[in-house]
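Computed from the coordinates by the stated procedures, all read-outs in this text should not be read as laboratory data. As the structure is a prediction and not an experimental result, all values here were calculated from the model. Reconstructed Cβ throughout: ideal geometry from the backbone, glycine too, with neighbour counts over all protein chains shown.
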Amino acid sequence: MSKTVTLTDNTTGKSIELPIQEGSHGPNCLDVRTLYKELGYFTYDPGFMSTASCRSDVTFIDGDEGTLLYRGYPIEQLAEESTYLEVCYLLLNGDLPAADDLHDFSRIIKEHSMLHEAVRRFFDGFRHDAHPMAIMVGVVGALSAFYHDNVDVHNPEHRRIAAHRLISKMPTIAAWSYKYANGQPFMYPDNNLSYTANFLAMMFGVPSEPYQPNPVFVRALDLILILHADHEQNASTSTVRLSGSSEANPFAAISAGIASLWGPLHGGANEKVIRMLEEIVHSDKSVEDFVARAKDKNDSFRLMGFGHRVYKNYDPRAKIIRKMCHDLLAEMGDMGADNQPLFDVAMELERIAMEDDYFIERKLYPNVDFYSGIILRAMGIPLNMFTVIFALARTVGWISHWNEMMQDPESRIGRPRQLYTGYRSRDYTSIEER
Ligand code: ACO
């Protein structure tokens with residue numbers, strides 16, 4: 001017998017049985033789809049605190065335990081053993097690839113790495129000081145103009161090609177957004193390099209000199225990409241799903257996801273973390289003073305990189321990244337020396353916050369952004385590129401969710417309801433009478 005929850009409306013005495021939908025992991029869901037029809041109510045849940053918007057097989061988070069699984073594989077194992085491209089295959093296809101599959105997948109991704117020359121000219125339209133995330137939103141959205149008539153969102157093969165194009169072209173667009181701001185020539189992709197090394201070469205290479213990506217940086221960046229590849233129904237992924245639910249062009253839907261990611265409460269946080277750590281390092285105030293400000297309700301200052309909607313325990317990605325931050329700075333020696341004070345302040349901030357009742361009671365732990373910025377900064381990546389790298393990494397997550405939604409028979413256009421609190425009805429008055 002299927003399990004249900006009985007809901008009784010005390011104002012009318014009417015009861016209904018709401019089915020319980022069972023997942024493979026995590027809380028079960030109360031299926032409220034018949035609620036409005038049966039009882040005439042909507043549910044009210046700003047910020048989706050208790051609402052599952054879809055069923056999904058892609059990623060699972062247990063926020064209380066601090067667990068993150070991609071297609072069932074713990075993030076710790078993938079971080080240790082895998083590569084970003086293998087993780088892309090896993091997220092897109094559901095299983096780890098056999099050696100031949102990975103070889104073919106890598107070849108296909110490399111094949112799509114160039115941009116149409118007309119896309120290249122889009123960059124010239126931006127102001128010289130445009131934020132690279134603004135360029136990302138614009139240029140990725142512009143790809144929809146190049147791949148529109150030949151993308152049938154109901155055709156699995158077309159969806160697969162769109163996914164490959166996006167994963168493949170994103171490093172080129174990301175690197176060019178950096179080059180544009182620096183007034184340097186755009187570097188074309190080099191398909192002899194790995195996915196991650198190619199991105200670094202397009203970012204830091206110049207035509208006049210050979211550039212050899214540092215293998216330590218390649219591995220560090222590959223790990224950052226793995227850790228940011230997906231995170232279930234967060235704001236940007238939900239944005240991609242919602243915009244894609246109208247059967248919009250996938251490149252346009254991903255552009256909407258990039259716009260959402262840019263916000264400082266989401267992917268923009270890693271940029272804010274570094275600004276905060278620099279402020280602390282250069283200020284005459286103590287770390288304790290900044291923690292006190294974060295706790296003060298009359299002060300809008302928050303500890304950036306702390307807290308998470310889902311994790312009420314240590315973010316498992318933050319643990320991996322903290323260790324890698326430590327290892328990288330040790331390996332870089334003097335080269336990484338100017339990042340050491342930031343890392344020291346970050347660890348001190350974490351230590352103080354983790355012993356403070358305010359943070360303990362609210363279960364506020366460091367999230368992935370708390371340490372990732374220090375690694376990116378140590379690699380010479382400028383602050384305004386941090387969220388771009390996040391967008392590059394998350395593209396596979398967005399497109400995997402979009403693809404899942406497009407093949408889900410229960411999926412329909414996303415159309416939330418509202419609790420209307422405005423005027424009931426009033427008559428128009430002419431401008432002279434107002
Ligand atoms: N510093 C100080 N206090 C905080 C912080 C913080 N970083 N985060 C939450 N709180 C407090 C809130 O003031 C609130 O206190 P109250 O209950 O006394 O009012 C309580 O903790 C709950 O916070 P909410 O904002 O209600 O939690 P929510 O789940 O809506 O927000 C969020 C989560 C946006 C991540 C929040 O913790 C935050 O702003 N953190 C800083 C920004 C950040 O690091 N974002 C990156 C998120 S991870 C990612 O996108 C990859």
Item to check | Projected label distance in nm at ARG362 and ASN150, using a 7 Å step from Cα toward the beta-carbon | outcome: 5.1
Item to check | Under 17 Å from the Cα of LYS14 - lysines, other chains or at least 8 residues apart | outcome: LYS37
Checklist entry - What full-extension length gain, to one decimal in nm, is calculated for THR11 and ASP284 as 0.36 nm per residue of separation minus the Cα-Cα distance? => result 92.2 nm
Item to check | Pairs of Cα atoms farther than 14 Å apart, the stretch 10-56, % | outcome: 59
Item to check | Potential lengthening between LEU102 and ASN313 on full extension [0.36 nm per residue; Cα-Cα distance subtracted] | outcome: 72.5 nm
Checklist outcome for this item: re the stretch 80-222: pairs of Cα atoms spaced beyond 21 Å account for a percent value of 48
Checklist entry - How do the peptides 319-329, 153-163, 36-46, 282-292 rank, highest first, by the average count of neighbouring beta carbon atoms within 10 Å per residue? => result 319-329, 153-163, 282-292, 36-46
Checklist entry - In Å, what Rg and Dmax follow from the Cα atoms of the stretch 193-332? => result 18.7, 54
Next on the checklist: I need the semi-axes of the equivalent ellipsoid of the stretch 268-379: take the C-alpha gyration tensor, multiply each eigenvalue by 5, square-root it, list largest first in whole angstrom.
Outcome noted: 23, 17, 11
Item to check | C-alpha center-to-center spacing [the stretch 370-431, the stretch 189-233] in angstrom | outcome: 25
Checklist entry - Computed over the Cα atoms of the stretch 237-285, what is the convex hull's projected area averaged over all directions, in nm²? => result 3.6
Next on the checklist: Past 30 Å, Cα to Cα: identify those pairs from LYS179/LYS295; LYS179/LYS319; LYS272/LYS297; LYS295/LYS323, in the order given.
Outcome noted: LYS179/LYS295; LYS179/LYS319
Checklist entry - Per the Kirkwood definition applied to all pairs of different Cα atoms, how many angstroms is the hydrodynamic radius of the stretch 355-409? => result 14.2
Checklist entry - Scattering from the C-alpha atoms of the chain alone, worked out with Debye: what is log10 I(q)/I(0) at q = 0.07, 0.08, 0.10, 0.13 1/Å? => result -0.39, -0.51, -0.78, -1.22
Item to check | Cα-centred dipole magnitude for the stretch 268-379, charges only on beta-carbon of K, R (+1) and D, E (-1), debye, nearest 20 | outcome: 660
Checklist entry - So how far apart, in nm, are the two label points at MET335 and GLN21 if each is 7 Å from Cα heading toward Cβ? => result 4.9
Checklist entry - Going by average Cβ neighbours within 10 Å, how do the peptides 345-354, 415-424, 270-279 rank, with the highest at the top? => result 270-279, 345-354, 415-424
Checklist entry - Does anything in the stretch 376-405 have its amide N under 15 Å from the 7 Å Cα→Cβ label point of SER53, and if so which residues? => result 397-405
Item to check | For the stretch 200-257, alpha-carbon Rg over 2.2 N^0.38 Å | outcome: 1.64
Item to check | Packing-based order for 170-179, 78-87, 393-402, using average beta carbon neighbours within 10 Å, highest first | outcome: 393-402, 170-179, 78-87
Next on the checklist: As I understand it, the dipole of the chain uses +1 on the Cβ of Lys and Arg and -1 on the Cβ of Asp and Glu, about the Cα centre. Which of PRO27, TYR89, LEU225 lies farthest toward its positive end?
Outcome noted: PRO27
Checklist entry - Under 5 Å between amide H atoms, partner at least 5 residues away or on a different chain: which partners does TYR188 have, H built in plane at 1.01 Å? => result none
Checklist entry - Length gain on complete extension for the stretch TYR44 to LEU419, per 0.36 nm per residue less the alpha carbon to alpha carbon distance? => result 134.3 nm
